[in-house]
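Accompanying notes for the structure given below.
The values are calculated or read from the model by the stated rules, or taken from the named source; none is laboratory data. Just so it is clear, the structure is predicted and the values come from calculations on it, not from any experiment. Heads up, the Cβs are rebuilt from the backbone with ideal geometry, glycines too, and the neighbour counts pull from every protein chain shown.
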Amino acid sequence: MKKRLSISILLWSILLGFSVIPEALPLQLSANGTIPAWLVAGPFNLEFLGFGAFADSILLDETQLQPAIGKTEISDLTQSKTTTWQYQASNPGGYVDLSTAIGWAIPGRGTEKIWWGKAGLAATYLYSPTEIDAFLLTGSNSRLKITLNNQEIFRHWSDRNAQADADTIAINLKKGANLLVLTVTNSHSNLYPFLFGGLDLKWGFYARLTDRNLQPLQNIEARLAKTENLLDFELTPTIYFKKGNAGQLLQRLDLVITASDAQTEPFDFSIKINKKTYSFTLSQIPAGISRREVYIDEPATDIKASCLLKSGTRKIGKTVNLTRQQHYQVYLNLISHMDIGYTNTQPVVAERHIQTLDDVIDYCDRYPDFKWTVETTWILEKYRETRSTARFQKLMDLIKSGRIAVSPIYSNPYTGIISYPEMTRSFDLAKKLADEFGISFQAAIVNDLPGLSWIIPQVLNQAGASFLVCGINDFYEKYAVRKNIPKVFYWEGADHSKVLTYLTNAYNEGLIYGFEKDTTGLEIGLWQNLKQLKASGYTFDLVYLNAAVNDNSGIPKSQFEAAQHWNQVYEFPKIIISNLNQFATDFSAKYSDGIPTLRGDWTSTWDILYQSEPELFINHRAIQQKLISAEKLTTLDWLLNPEVLPEEKELSEAYRSTLNFAGHGSGLEYSYGSAEENQWAMANRVGNISLAELLAEEVLERSLYRFCVPHFAFEANGLLVFNTLSWKRDVPVTIQLPHLNQTVYQIVDLTNGQVVPSYQKNNEVFFIARSMPSLGYRKYEFVPGELLHDSPDLVSTSNSVENKFYRLDFDPESGQILSVTDKKSRHAIADERFNQLLCEKNLGKVASILTAATTQVTVRDERPVRLVLDIRRPGFLLENVQYILWSKIDRIDIEFSIDVSRLGNTEVIEEYELAFPFLLKQPKTMLEIIGGFLNPETDCLPSKLNSSFSIRRSVALSDQQTTVSWAALDSRIIALKKFGQDSQPVLYSNFINNFPQNWNRHQITEGLLKTRFAVTAQDGQFNPGFTARFGWEAATPAVTMRAPLSHKDPQENFLSINRQEVILLALKTDYKNGDLILELLNVDPQNAVTVNVASDLFKGKNAFSANILGKKLQPLQKLGGALIVNIKPNELLPIILTNER
């Protein structure tokens, strides 16, 4: 009878397409219809697509499975890359525990993920004597997908806790064998805290069968082959150690027993190692898979152990390899991640961090082992503004004692957005605190970004921070950073300085290690994560975890308490309640050797891709330039008259505002706040830019007026033009005369008395200030008289405009540029593709060139100063474009007016890009970023998977004969890519994007925006000094003041630098100490330079090289009024000059 039954099952299986092994053990459903026996396999990876969005497929196709006990399947999460179907039974309550069965699988090499998902499979063969309609009642933790006889019949694809009978699914069981497969998920959410009804730790399901009247089915059997009288065990060495009574380490071994039936008789289990035997008595063994913990003295080396499981006459013996396990020390870095305006409006975010620091001080008083890390000095600033001197002093004392660590950067700004001065200003508060309280900065931490710009290793070294922790958030980059960059490496900056860099799995990875759950959750979290690190090549015993609960959250009290409790139970892994400095010190001391070095830029894709708020960012770039000029002028005023104090307060507040704007955080997450809160969050961002703009203008106007006061006299209706750059140049000047002016003026250069060619229309005057002194001025006079019109180099026809250096040929109907010719070399540098408008939709999946329906083309004759090719396209996104050729200036200026009302509503992201295809043969491209000139082919870390970049000002494209230098004044995002018939990558400017409303990107919907560019060409290969200076000149207008002036001292320069490669980034003062501060930048990426920095203002001063915190390092050589300075490639060098007395 048994043989005929087996043959029948086999025939039914063949007919149904199943491969069921004969000799299946029939098991009746329980009294309530619970399915008693399953085959389980896993885990399998589930890709995480976004907030709450899992992919709904795994490596295997559930509709093609043929489960059988002992059968191997491919797994993408296990060390062996395989998983085996195992027998598992439901417990007396009807729950099938997947965690016990497959949750402890040894992980393989993989990518650290803060958001992860995995799935387990459970399968059973249901035998029905007749075809029957039934209900399948299920519940799962967490998501569930069900297939029956190779057809999907149910899906609940959202997170939930397991409750019996949560789902009622109508099914049809065929006569004979029916294959039922459940896919059950588990994810990071199962380790998260129980906030607002969160998930529990379980991974499993309920499943039972009823008839259509919801009465349990009685005549259905679960049949699984080769499970009769099944009894087996596995013994796995773990990473968990306790301290024995004699002080020895006891290692936990996990004993996993699989039994087809519950075993009520006690079992003996023994482990024999060498001559020592460890014996254990096991109580009853349940059906299915169960886990036990046994402890032995830690073996000194890898060793084989003889193991025996027995009860009466039943014996199972095995030899087990016990491999030596690491003694992990997990440094739990308690922290609150600062994200300005993300969870709440900016004032509330500030208050949350203030309240957290109050709690931190109290915890330090209550718990001697409590430590903390303050993520930014912005948090300290907010705290000091609202607390008493005594309270703040107590906080500083805790920092000095080492209980609290502080990262030295102000607001952790997006480094692809900020300027060099904003970067150095990010350390101003750190400098102030170091000077006032004597604190130091051993390490820095930057969280929640997929990367940082190349300047970071250099400025951290200058701040004394030799260690950098980055809590990477590269989910939207598909974990490109963690897949391509080691967890620990020396990051080498553009100037060859290095910082030991440690990547953590975001800022709240304590959650996925289980610190918000009970001890079992922590055991599972530590096992999964530490074993995966080991499999992925992480060999260190010291592991660092960021332990924030969320953005702008308070103390992770549960995690602190979990760590304390853990250490009472286990000796290893040891949880060290730590802070940033402690880990940096301990790790560097133990593992400084043998760590790889990576050199290159690592600018975050968040700084580059899909940028929004175009109006604010355009204003921000203008403010960056204006602040540099304003600071130089107010410092110069102080140098000329030390009794007049510089506007340092206003400058500091302006930089504070721009760093709040560019700081980590960009407005409320779309789902976090109300519409009103969202408006206030954006009002704060607009306010930061508006305030910075007003302050920059205030300092510029006041300092220029103050500078002009000694020159005031009623001798000339004058104009003073000031060049804030540190080299001589020709600069276009635009002057607004009084609104009611009716007089036509000549412009007379008071240096030589000659009339300067100018153009005047109504109350606006254009001219070119030639040979402007470096960091100096030139005076001019307005004299009534006829204007000069002689400009032989400016020529226009019906289809071309040209000056001494360039000719632009264009289509007079469409306005399309047909060619750009460099008259110096007599070669065309651009053709008809120049400035085509490319629109890419849906992340580049659709792309097209956009053209206007109607065009109006005119040439504005503004000779003798310039010619303007003016192209208007009514109703088009690029409403107007102007190509400007200046008399005897070797550059082309281009200005676009963008009608943002033409963007409209969109369902997908739209990226708008202007093409700049230059006719060069396989050009080498060099990009000026914050950190130095970058070769995109060699100077990016391996995680760079896109062709877009955030530049400061300029780009050079060079072949063997010609270099084209290109500058962007307003749009910092560029891409190097091919489109259409491009044979080589083309430079595109991504000047604006259009977003669906739910991206919450706060784009303006009306008005005009302007974006400007400049182009020049030179013979020969790339010259970093030339390209850098070109970008600075294009972006830095002259500063002007109309006033009655004297004829005396018609020009003067105050500082000069004799090397083209060296830029004066900043001229500022620590006036309270009488110190003058220069910041110099060598833009040459290859060569160190020796430079003379000359100024009469240096007389009577001693000069020192310094660091970013204002510490004097080495005295500098002086030769008369000149400093002799050696500067490394791409080095940013602060210099402090002090009075000799």
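Data overview
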quantity	calculated
Test: residue in segment 967-990 that is closer than 20 Å to GLN922 by Cβ, buried (at least 21 other Cβ atoms within 10 Å of the Cβ) and touching a helix residue (DSSP H, G or I) at 6+ places or on another chain (Cβ under 7 Å)	no
One residue from LEU49, LEU59 being free of Cβ contacts under 8 Å to residues at least 40 places away in the same chain, under 22 Å from GLN532 (Cα atoms) and in a loop (DSSP other than H, G, I, E, B)	LEU59
Which listed residue, of VAL374, VAL348, is without any contact (Cβ under 8 Å) to a residue 12 or more places away in the chain and assigned by TED's automatic domain parsing to the domain that holds ALA548	VAL348
Residues located in segment 1037-1069, provided they are within 26 Å of GLY1110 (Cβ to Cβ) and either assigned by TED's automatic domain parsing to the domain that holds GLU928 or in contact (Cβ under 8 Å) with a residue 60 or more places away in the chain (or both)	PHE1054, LEU1055, SER1056, ILE1057, VAL1062, ILE1063, LEU1064, LEU1065, ALA1066, LEU1067, LYS1068, THR1069
Enumeration of residues in segment 835-853 that are in contact with a strand residue (DSSP E or B) (Cβ under 9 Å, 6 or more places away or on another chain), loosely packed, with under 12 Cβ neighbours inside 10 Å and not in a strand (DSSP E or B)	LEU843
Among residues of segment 759-787, those that are in contact (Cβ under 8 Å) with a residue 40 or more places away in the chain, farther than 30 Å from LEU640 by Cβ and surrounded by 16 or more Cβ atoms within 10 Å (Cβ to Cβ), counted	3
Lone unmet requirement of (1) more than 29 Å from SER80 (Cα to Cα); (2) touching a residue at least 40 places away in the same chain (Cβ under 8 Å); (3) not β-branched (Val, Ile, Thr) for CYS470	(2)
Restricting segment 420-449 to residues that are surrounded by fewer than 23 Cβ atoms within 10 Å (Cβ to Cβ) and in a loop (DSSP other than H, G, I, E, B), the residue that is nearest to the chain's Cα centre (by Cα)	GLN442
Some residue of segment 468-477 being in a strand (DSSP E or B), closer than 27 Å to LEU49 by Cα and among the aliphatic types (A, V, I, L, M)	yes
Unique match (being surrounded by fewer than 24 Cβ atoms within 10 Å (Cβ to Cβ), without any contact (Cβ under 8 Å) to a residue 40 or more places away in the chain and closer than 30 Å to GLY510 by Cβ) among THR100, THR111, THR78	THR78
Close pairs (8 angstrom Cβ cut-off, 6 or more residues apart or separate chains): more than 13 Å from PHE233 (Cβ to Cβ) in segment 260-272, at pLDDT below 85 and outside any loop (DSSP other than H, G, I, E, B) anywhere	SER260/LEU25
Filtered residue count, segment 563-573, keeping only those that are within 15 Å of GLN329 (Cα to Cα) and part of a helix (DSSP H, G or I)	6
Unique residue being surrounded by 24 or more Cβ atoms within 10 Å (Cβ to Cβ), touching a residue at least 12 places away in the same chain (Cβ under 8 Å), in contact with a helix residue (DSSP H, G or I) (Cβ under 9 Å, 6 or more places away or on another chain) and among the polar types (S, T, N, Q) when the list is SER954, SER943	SER954
PRO67 within 28 Å of ALA259 (Cα to Cα), touching a helix residue (DSSP H, G or I) at 6+ places or on another chain (Cβ under 7 Å) and either surrounded by 15 or more Cβ atoms within 10 Å (Cβ to Cβ) or among the acidic types (Asp, Glu) (or both)	no
Failed criterion for LYS310 (all others in (1) surrounded by fewer than 14 Cβ atoms within 10 Å (Cβ to Cβ); (2) closer than 30 Å to LEU449 by Cβ hold)	(2)
Residues located in segment 709-743, provided they are surrounded by fewer than 20 Cβ atoms within 10 Å (Cβ to Cβ) and in a helix (DSSP H, G or I)	VAL709, PRO710
Strands (runs of 3 or more DSSP E) within segment 901-999 that include 2 or more residues in contact with a Ser or Thr (Cβ under 8 Å, 6 or more places away or on another chain)	910-916, 924-929, 948-950, 954-958, 962-968, 973-977, 986-994
Residue match in segment 531-539 (condition: under 25 Å from the mean Cα position of the chain (by Cα) and either under 29 Å from ASN245 (Cβ atoms) or without any contact (Cβ under 8 Å) to a residue 60 or more places away in the chain (or both))	yes
Unique residue being among the β-branched types (Val, Ile, Thr) and either touching a helix residue (DSSP H, G or I) at 6+ places or on another chain (Cβ under 7 Å) or not assigned by TED's automatic domain parsing to the domain that holds ASN550 (or both) when the list is VAL488, VAL499	VAL499
LEU1133 hydrophobic (A, V, I, L, M, F, W, C) and over 23 Å from GLY931 (Cα atoms)	no
Selection from segment 969-985 of residues that are within 22 Å of the chain's Cα centre (by Cα) and of a type in the set (Ser, Thr, Tyr)	SER971
Where PRO43 falls short, out of the listed (1) at pLDDT 95 or above; (2) over 25 Å from ASN229 (Cα atoms); (3) assigned to a loop (DSSP other than H, G, I, E, B); (4) of a type outside the set (Val, Ile, Thr)	(3)
Number of positions in segment 886-900 that are part of a strand (DSSP E or B) and among the β-branched types (Val, Ile, Thr)	3
Single condition ILE1004 does not satisfy, out of (1) touching an Asp or Glu at 6+ places or on another chain (Cβ under 6 Å); (2) assigned by TED's automatic domain parsing to the domain that holds ILE929; (3) surrounded by fewer than 20 Cβ atoms within 10 Å (Cβ to Cβ)	(2)
Top-ranked residue of segment 802-815 - restricted to ones that are crowded, with 18+ Cβ neighbours inside 10 Å and not in a strand (DSSP E or B), ranked as farthest from the chain's Cα centre (by Cα)	ASN803
ILE171 vs. criteria in the same structural domain as GLY93 (by TED's automatic domain parsing), farther than 23 Å from TYR87 by Cα and surrounded by 14 or more Cβ atoms within 10 Å (Cβ to Cβ)	yes
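Table: residues versus (1) among the aromatic types (Phe, Trp, Tyr); (2) under 21 Å from PHE48 (Cβ atoms); (3) crowded, with 21+ Cβ neighbours inside 10 Å; (4) not assigned by TED's automatic domain parsing to the domain that holds ALA170.
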site: VAL181; (1), (2), (3), (4): no, no, yes, no
site: ALA207; (1), (2), (3), (4): no, no, yes, no
site: ASN245; (1), (2), (3), (4): no, no, no, yes
site: ILE257; (1), (2), (3), (4): no, no, yes, yes
site: GLN263; (1), (2), (3), (4): no, no, no, yes
